[in-house]
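Down below is the structure, laid out as structure tokens.
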Amino acid sequence: MTQEELFKKLIAHSKEYGFIFPSSEIYDGLSAVYDYGQMGVELKNNIKAYWWEAMTRLRENIVGIDAAIFMHPRTWEASGHVGAFNDPLIDNKDSKKRYRADVLLEEHIAKLEDKIEKEVEKARKRFGDSFDEAQYRSTSPKVAELQSQKDSINSRMVTALNSGDLAELRQIIVDADIVDPVSGTRNWTDVRQFNLMFDTRIGSVAEGANTIYLRPETAQGIFVNFLNVQKTGRMKIPFGIAQIGKAFRNEIVARQFIFRMREFEQMEMQFFVRPGEEMHWYEYWKEFRMRWHRTLGFGDAMYRFHDHEKLAHYANAAADIEFRFPFGFKEVEGIHSRTDFDLSQHQTFSGRKIQYFDPESGESYVPFVVETSIGLDRMFLQILSAAYAEESLDGGDSRVVLRIPAPLAPVKVAVLPLVKKDGLPEIARSIIDSLKFDHNVQYDEKDSIGKRYRRQDAIGTPFCVTVDHQSAEDCTVTIRRRDSMEQMRVAISDIPSLINKEAGLRTLLEKLV
Ligand code: GAP
């Protein structure tokens, strides 16, 4: 199965099993907007809990807030989003399709990378065991030519983006001979800047309506509350403020399912530090956030860092944590050293003093900020795509299984009475009663036990408990594990501790301290 086919199957599976639905589907949906279904919301809540507990509960110096989506419009002038939160767009005059100029170039660079890898693979086949990959990469004229094209396009693009040179961006597209994937022509317009913020109006027109924005990042809700939290929480630097909430961006290149949405959710933490100490904390948070990802057990090779060459208007260092999606390595989280840009800007725009008096140094200063910012929906997609597997079983059977880490699984335990009589449903219900205060559990008595297992595999339930006639005699049940499908007999009274140990969030959190 190609990665593209896998991704299509994943999208269909997400819908079929109640994870993700297109928004307002009965009206044919709304582009790049999605709803989470009955399974999706459970998985999403579990991801949030994993992040929230790891970032706040386990730490004495990080607290959470929940700021409003609507903020005073001056916020976005101060933050630079009104002036600089733009994507460079280009249209093809024949297809009338609009593209992000930088994305067109990045896709072209990815194609060149692919060509290099194909050359290497061809040579590997040709030379067999004697193949020296490093030597081939450094001496093959074809690879050298492709590499130099790639490097030249990349360095011109970074310079053009950093200097806002839109004419040069267009010229690179022309020089690279990039054609529109729809019309196949090179008939490009000029590149123009397009602001990504959605705006709306607050108050009635009669009252003198005001344009306000749907927040494009949750971070500003933290910055404007810096003094409130610091003073009321008696927080001492270094300390952090965390938040989970919706953000909105009018994305032009909105595709790849929930990877790039117009309405999405962020989990952000701003860590306020002494000026001059930001690089130490930047490295600290890069390491910790990578560990948080890897603790899920999908394999270290699935993640990598990507250091930014083009920095956002507020940052002096930035790196992405990238995950290997079916469509390649892509950003899931950003760690940004945001300097004192945001607090200083709010100080200037609001006219309020936003400073911290440091009792250790006896000085007042505007703190520097290191931010960790992860997209909840991308994290969701990461888990689904790493977890999805199609397996052939003995006897010619097959199954689709979601190998979601047990503490994040939407349903932790399914309790299945073998038959609907002889007191077995009552025993099953009593097991559910012993688990439901701590875990999401499901009761299922319909169809054969095999079919019931398949249904639970397909939603990623790590444990199925089967109640049979022996259960009525000796108070034991069969527990089947999702991944190995192995079954064991356990006492009913032992079930809660077993599930807590293997599917409780604590099993993940303990690895982080
Ligand atoms: N406060 C910093 C900030 O917003 P960002 O790199 O623009 O930085 C952070 O966004 C994260 O938010 C990204 O790593 C990504 O996971 C997520 N994200 C950004 N735009 C998104 C979109 N349109 N759809 C889904 N997730 C998005």
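We did not get these values from a lab; they are worked out from the coordinates using the rules stated. None of these values were measured; they are calculated from a predicted model. Using ideal geometry, Cβ is built from the backbone for each residue, glycine included, and neighbour counts are taken over all protein chains shown.
Overview of values
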{"quantity": "Prolate/oblate/rounded label for the chain (Cα gyration tensor, a/c 1.5)", "calculated": "oblate"}
{"quantity": "Sites N45 and E283 - FRET efficiency at Förster radius 35 Å, r taken between beta-carbons, to 0.05", "calculated": "0.65"}
{"quantity": "Tilt relative to the chain, helix 278-294 - C-alpha long axis, 0 to 90 degrees, to 10", "calculated": "30"}
{"quantity": "K511-E16 pseudo-label distance in nm [points 7 Å out on the Cα-to-Cβ vector]", "calculated": "3.0"}
{"quantity": "Cα coordinate range in segment 248-370, projected on the principal axes (Å, largest first)", "calculated": "52, 32, 24"}
{"quantity": "Potential extension, T211-N225 segment - 0.36 nm per residue separation minus Cα distance", "calculated": "2.8 nm"}
{"quantity": "Degrees separating the helix 141-163 axis from the principal Cα axis of the chain, which is the longest one", "calculated": "70"}
{"quantity": "Two-site FRET efficiency, R59 against K8, from Cβ-Cβ distance with R₀ of 56 Å, rounded to 0.05", "calculated": "0.85"}
{"quantity": "Selected from T348, I431, F239, residue furthest toward positive end of dipole (the chain; charges at beta carbon)", "calculated": "I431"}
{"quantity": "Highest average packing first - 474-480, 461-467, 446-452, Cβ atoms within 10 Å", "calculated": "461-467, 474-480, 446-452"}
{"quantity": "Computed E for Y443/V400 - FRET, C-beta separation, R0 25 angstrom, nearest 0.05", "calculated": "0.70"}
{"quantity": "Pairwise centroid distance, computed over Cα atoms, of segment 397-425 with segment 119-133, Å", "calculated": "47"}
{"quantity": "With eigenvalues of the C-alpha gyration tensor scaled by 5 and rooted, segment 87-192, Å", "calculated": "33, 15, 9"}
{"quantity": "20 Å reach of a label modelled at F127, 7 Å along Cα-to-Cβ, counting backbone N of segment 139-157", "calculated": "139-148"}
{"quantity": "Inter-probe distance in nm under a simple model that places probes 7 Å from Cα toward Cβ, at F329 and H308", "calculated": "1.8"}
{"quantity": "Angle between the chain longest axis and helix 3-16 axis [Cα atoms, degrees, rounded to 10]", "calculated": "60"}
{"quantity": "Simple Cβ-charge dipole of segment 87-192, Lys/Arg +1 and Asp/Glu -1, about Cα centre, in debye nearest 20", "calculated": "320"}
{"quantity": "Distant-in-sequence amide H partners of Q442 (H built 1.01 Å from N, under 5 Å)", "calculated": "V413, A414, V415"}
{"quantity": "Dimensionless Rg over Rh [segment 397-512; C-alpha; Kirkwood]", "calculated": "0.95"}
{"quantity": "Restricting segment 232-289 to GluC sites (Glu not before Pro) in coil, as DSSP defines it, with at most 15 other Cβ within 10 Å", "calculated": "E277"}
